[in-house]
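Engineer: Here's a structure for you.
The values are calculated or read from the model by the stated rules, or taken from the named source; none is laboratory data. Since we're looking at a predicted model, the values are computed, not measured. Neighbour counts run over all protein chains shown; Cβ positions are idealised from the backbone, glycine included. Keep in mind that these areas ignore ligands, DNA and RNA; they rest on the heavy atoms of the full protein, side chains included. Shrake-Rupley method; radii C 1.70, N 1.55, O 1.52, S 1.80 Å.
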Amino acid sequence: MTDRDTRHKQSMQKLKRHVDEKIAEAKEQRGLLLVFTGNGKGKTTAAWGTVTRALGYGYKAGVIQFIKGLWECGERERLIGDANLEVQVMATGFTWDTQNRESDTRACLEVWKEAERMLADDAVYLVVLDEITYMLKFGYLDIDVVKKAIADRPEEQTVIITGRNAHRELVDMADTVTEMQETRHAFNSGLQARRGIDY
């Protein structure tokens, strides 16, 4: 065995000990609060990937789409026939298209009722609140109402929040926070969003 091979083996042994220790320390078993935020692409895509994973194990999942609900969504189209998946969409689509605070607030509160129902249902293993960060930023939803619904959810239920500029109080509550960082985005170079890739 060469010196390089020996060093590699020692490094991997050290890494394995570290990973094994972390696994042994993880004693608690409960649902999580995950926040996918940041200005980079992939927050909703990551959430749908987790929905796919949960469905793959036969768990029930609920998705509330606050912004992109009327837009084409390949993941939703592929998964919508699964009996364990419920999707509710805000009826207005992009709020910057409607530009009507009153009707947007009404539509948001209507779909939020569905979210509250899912968040109270112990049969729902995973709830995704897709782009809810905008609803809080624009003042359509009250942060205390959202926090209470999340805090009071069934112990085994996991919640994923997606969207830019996640409210600091939700970030503080979260078990896992992932910030997607944009380095470059094709759209800024004049390339259109691509069906099957971007949506």
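Engineer: Determine the calculated [θ] at 222 nm for the chain from helices alone, applying -39500 (n - 2.57) to every DSSP H run no shorter than 4 residues and normalising by the residue count; nearest 500 deg cm²/dmol.
Structural biologist: It comes out at -13000 deg cm²/dmol, rounded to the nearest 500.
Engineer: Between Gln181 and Arg17, with labels modelled 7 Å along Cα→Cβ, what's the label distance in nm to one decimal, could you check?
Structural biologist: Once both label points are built, they end up 3.1 nm from each other.
Engineer: Under a no-solvent Debye model with one identical scatterer per Cα of the chain, what's log10 I(q)/I(0) at q = 0.09, 0.11, 0.18, 0.19 Å⁻¹?
Structural biologist: Evaluating at q = 0.09, 0.11, 0.18, 0.19 Å⁻¹ gives log10 I(q)/I(0) of -0.41, -0.58, -1.28, -1.40.
Engineer: Between the helical axis of 43-56 and the dominant principal axis of the chain, each derived from Cα atoms, what acute angle in degrees is found, rounded to the nearest 10?
Structural biologist: For 43-56 against the chain, the angle is about 70 degrees.
Engineer: Please report the carbon-and-sulfur percent of the accessible area for segment 1-117; probe 1.4 Å, protein heavy atoms only, DNA, RNA and ligands left out.
Structural biologist: Using a 1.4 Å probe with all protein chains present, segment 1-117 comes out at 51 percent carbon and sulfur.
Engineer: What net charge do the residues around Gly139 carry, taking every other residue with its C-beta under 14 Å from that of Gly139, with Lys and Arg at +1 and Asp and Glu at -1?
Structural biologist: -1
Engineer: Using a 1.4 Å probe, what is the accessible area per residue for the chain, in Å²?
Structural biologist: 63 Å²
Engineer: If you fit an axis through the alpha-carbon atoms of helix 101-119 and take the longest principal axis of the Cα set of the chain, what angle between them do you get, 0 to 90°, nearest 10?
Structural biologist: So the inclination is approximately 50 degrees.
Engineer: In sequence order, what are the phi-derived ³J(HN,Hα) couplings for segment 130-141 according to the Karplus relation 6.51 cos²θ - 1.76 cosθ + 1.60 with θ = phi - 60°, rounded to whole Hz, with x for glycine and proline?
Structural biologist: 6, 6, 5, 4, 5, 5, 6, 4, 7, x, 6, 10
Engineer: Could you order peptides 170-180, 12-22 by the average number of other Cβ atoms within 10 Å of their residues, highest first?
Structural biologist: 170-180, 12-22
Engineer: Could you tell me the ratio Rg/Rh of segment 85-199? Both radii from Cα atoms, Rh via Kirkwood.
Structural biologist: Taking Rh as the inverse mean 1/r over Cα pairs, Rg/Rh reads 0.98.
Engineer: Nearest 20 debye, what's the magnitude of the dipole of segment 91-199 about its Cα centre given +1 on Lys and Arg Cβ and -1 on Asp and Glu Cβ?
Structural biologist: About 500 debye.
Engineer: Angle between the Cα long axis of helix 3-25 and the longest principal axis of the chain, 0 to 90 degrees, nearest 10?
Structural biologist: Relative to the chain, helix 3-25 is tipped by roughly 50 degrees.
Engineer: I've got another one for you. Assuming a strict under-18 Å limit between Cα atoms, what lysine pair count do you get for the chain once near-sequence pairs (fewer than 8 apart, same chain) are dropped?
Structural biologist: Number of lysine pairs found: 10.
Engineer: Net charge around Asp122, counting only other residues with Cβ within less than 15 Å of its Cβ (Lys, Arg = +1; Asp, Glu = -1)?
Structural biologist: -2
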